[in-house]
Amino acid sequence: MNKKRVGVITFHDYDNYGAILQSYALQRKLKEMGTYPEIIDYRCDYISNPFRLVNLKKKGLFNYIYGAIGHICYIPRRRQCNLFRKHMRYSQPVSRGNMGAVAGKYDIYIAGSDQIWDYKLTNFDTTYFLDFVKKGKKKCSYAASIGEHEPPEQYRKKYSSLLKDFDQILVREDYGADIVESLTGSRPGITCDPTLLLTADEWTSLLKEPRCKSKYILVYQLGINKELVDFVRRLKKKTGLRVVYIPFPLVGLMNCSCKIAIGPAQWMGLFKNAEYVISDSFHGVVYSLLFNRNFFAMVNGHHMNRRVQQLLKMVGLSHRTIENVSDEELTQPIDFTFANEEIARFREESLAQLRSLVKEQED
């Protein structure tokens, strides 16, 4: 029997560690389920070209400058990110104007994961809603996210129309399911982020161990927040450990080792071997959990993150945020027993739902 061809559209070209790793994880699990998956090599102009004037008009001056600086800071990691991408299989490159090249190529189309349905992030690029797919082809989503922004009134009708054309929708967050239900009248299933579909052992086989063996605090910071930096200083003073920082951004001067040119393999290695992790990133928290690292999360500020709050609540670790932590709690180890059980349960449920997307298409 011929393998079913699966086309996945997601954020894959942006040199963000979480984006690359979730792309890999979903493709790997689809392959293990007996399909022939490819990532559709599509790039959103609005994301890929942050210096265009339309970005300034849409984002405002602060977010425009913030995004441009981030783009520049990511350049040194490009080589290592591309090396990791060799683990993945891609379609031919396509753009908004020539999606016909992949419109009928696959038996199943999957949108997701990541914040592909966040109208602010993509300038409402409807390619991520599979609007290019030929009639008769199966259209699904896996762990798709609407992000932190509920669609405004002027977009709701279009959102509704696009989503109602899907055969099956699986989203990543409870609040995303609420929004989809309000737009379509049908509640979607909720699945874990693809990075959680792999076990710590599976990720360990892909990572690169850090060269330095001395103990360290790992900081992975995406948003601008002085409170996070002050917390790092406090933990450093309490433990006497050195700080390894994965930029950007850093607010204020700090004696630390900055890792600006590492790829996903080295990034995971730093997480696996850290004594403590401090992060405002969803995937920073994910890998802290997977590798059972003592961590503190930042869930407010410029990089507001409801999905981190939801994840922490699910695993019973809502208290592991940087707010109101006593000196005694700073070095208190985490008991990961319940968290590991919940992640394993959620993983199996999500794999079953992903398997159903493929199984329903079998002859």
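The values are calculated or read from the model by the stated rules, or taken from the named source; none is laboratory data. If you're wondering where the values come from, they're calculated on a predicted model, not measured in any experiment. Backbone-built Cβ (ideal geometry, glycine too); neighbour counts: all protein chains shown. When the accessible area is computed, the model is the full protein with side chains, heavy atoms only, and any ligands, DNA or RNA have been set aside. Shrake-Rupley method; radii C 1.70, N 1.55, O 1.52, S 1.80 Å.
If you take the residues of region 246-279 that are of a type in the set (D, E, K, R) and farther than 20 Å from Val308 by Cα, which of them is modelled with the highest pLDDT?
Across region 246-279, the extreme among qualifying residues is Glu275.
Scan region 17-52 residue by residue and report those that are in contact with a helix residue (DSSP H, G or I) (Cβ under 9 Å, 6 or more places away or on another chain), open to solvent by 30 Å² or more (accessible area, probe 1.4 Å) and either farther than 22 Å from Tyr109 by Cβ or modelled with pLDDT of 95 or more (or both).
Arg28, Met33, Gly34, Tyr36, Asn49, Phe51, Arg52
Under the condition of being open to solvent by less than 60 Å² (accessible area, probe 1.4 Å) and hydroxyl-bearing (Ser, Thr, Tyr), which residue from region 330-354 is farthest from Leu311 (Cα to Cα)?
That would be Thr331.
Say whether the condition of being out of contact with any Lys or Arg (no Cβ under 8 Å at 6 or more places or on another chain), closer than 30 Å to Leu83 by Cα and open to solvent by 10 Å² or more (accessible area, probe 1.4 Å) is met by at least one residue in region 266-275.
Yes, the conditions are met somewhere in region 266-275.
Kindly check whether there is at least one residue in region 336-350 that is within 28 Å of Glu32 (Cα to Cα), touching a strand residue (DSSP E or B) at 6+ places or on another chain (Cβ under 7 Å) and modelled with pLDDT of 95 or more.
no
For residues that are open to solvent by 20 Å² or more (accessible area, probe 1.4 Å), aliphatic (A, V, I, L, M) and either without any contact (Cβ under 8 Å) to a residue 12 or more places away in the chain or out of contact with any Pro (no Cβ under 9 Å at 6 or more places or on another chain) (or both), tally how many sit in region 182-240.
Here the count works out to 2.
Can you list the helices (runs of 4 or more DSSP H) lying wholly within region 137-204 that have 2 or more residues being under 24 Å from Ala103 (Cα atoms)?
By residue number, 153-164.
On the given criteria, is Ser141 buried (at least 22 other Cβ atoms within 10 Å of the Cβ) and at pLDDT below 95?
Criteria not met by Ser141.
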